[in-house]
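The values are calculated or read from the model by the stated rules, or taken from the named source; none is laboratory data. Computed from a prediction, not measured in an experiment: that's the story for all the values here. Methodologically, a virtual Cβ is constructed for each residue, glycine included, from the backbone with ideal geometry; neighbour enumeration extends over all protein chains shown. These accessible areas exclude ligands, DNA and RNA; they are computed on the full protein's heavy atoms, side chains included. Shrake-Rupley method; radii C 1.70, N 1.55, O 1.52, S 1.80 Å.
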Amino acid sequence: MSPTRADLDKQPHEVARMFDAVARRYDLTNTVLTGGIDHLWRRAVTRAVDAAPGERVLDIAAGTGTSSEPYADRGVQVVPADFSHGMLAEGYRRRPDLPFTAADAMRLPFADDSFDVVTVSFGLRNVADVGVALREFGRVTRPGGRLVVCEFSRPVVPVFSTVYRNYLMRALPQVARRVSSNPESYVYLAESIRAWPAQRELAEQVRAAGWEQVRWRNLTGGVVALHHAVAPGGAGRGAAAPAPAEGTDGVPGDGV
């Protein structure tokens, strides 16, 4: 194994070290690899979180803070958290006004009921025990608070799915060698996406961890999926919004 590439057993210290190695060019590499559509996915997440001033948002696996900036810029209290110190340092260099916090998703350093919303974008896939992390997210979320997970998923169009998987395992590592500061880490990226559960399976994991009103919608034909849920004990702001029923694949992805 490369010293800066994790394996699919996802040992936390190996994953953190891998992200330390890609921190400097991480955001640029993501934009190149997705053809810029990652920005549209992140906007969809911001809309789904729907945080209002006065609410407190925990942004797990926030990396350099790109996903946290829209909330802070709107006056929402946001805590960007990550277990990669390299990512946090790069984020603090760019946005010293944000409260970057070192945190393991499976052992969060926050009190119970601390946040109105927990969100994670393209990071849950890198956690060694997803069930433990989802329960931790529930612990730190107030009753009726919201969860929004954005993660790579399974394309729902068969032909598109074949093309996408060929890109993941063949083209993506080749492109990463041109732009990334640690190309080998993107071999892990491709492998981890292929091994990740489909939309319904992830919804079942979220529900098994104690979350309620679990639903999802596809973005870009299912390349990415947004999973929503509400913490038990309250209706939650997100519950009143139009949403697909539990376990369905929902509505189109905001044109993304």
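Quick notes on this one:
- Comparison of Val206, Val149, Val159, Val163 shows that the only residue that is among the β-branched types (Val, Ile, Thr), within 30 Å of Ala52 (Cα to Cα) and either modelled with pLDDT under 90 or assigned to a strand (DSSP E or B) (or both) is Val149.
- Given (1) touching a Phe, Trp or Tyr at 6+ places or on another chain (Cβ under 9 Å); (2) at pLDDT below 95; (3) crowded, with 24+ Cβ neighbours inside 10 Å; (4) under 23 Å from Leu40 (Cα atoms), number of the condition Gly123 does not satisfy: (1)
- Criterion applied to Ala81, Ala16, Ala44, Ala51 was being small (Gly, Ala, Ser), part of a helix (DSSP H, G or I) and either at pLDDT 95 or above or open to solvent by 50 Å² or more (accessible area, probe 1.4 Å) (or both), and the one residue passing it is Ala44.
- Considering residues of segment 212-242 that are assigned to a loop (DSSP other than H, G, I, E, B) and either within 16 Å of the chain's Cα centre (by Cα) or surrounded by fewer than 17 Cβ atoms within 10 Å (Cβ to Cβ) (or both) only, the residue modelled with the lowest pLDDT: Pro242
- Near pairs, Cβ below 8 angstrom, 6+ apart or cross-chain, from segment 107-133 (within 22 Å of Pro143 (Cβ to Cβ)) to any residue that is among the polar types (S, T, N, Q) and not in a strand (DSSP E or B): Thr119/Ser67; Gly131/Gln205
- Figure legend. Inter-residue proximity from segment 145-156: first residues touching a residue at least 24 places away in the same chain (Cβ under 8 Å) and farther than 10 Å from Pro197 by Cα, second residues among the small types (Gly, Ala, Ser) and part of a loop (DSSP other than H, G, I, E, B), beta-carbon distance below 7 Å, spacing 6+ or different chains. Indicated pairs: Gly145/Ala231; Gly145/Gly236; Arg146/Gly236.
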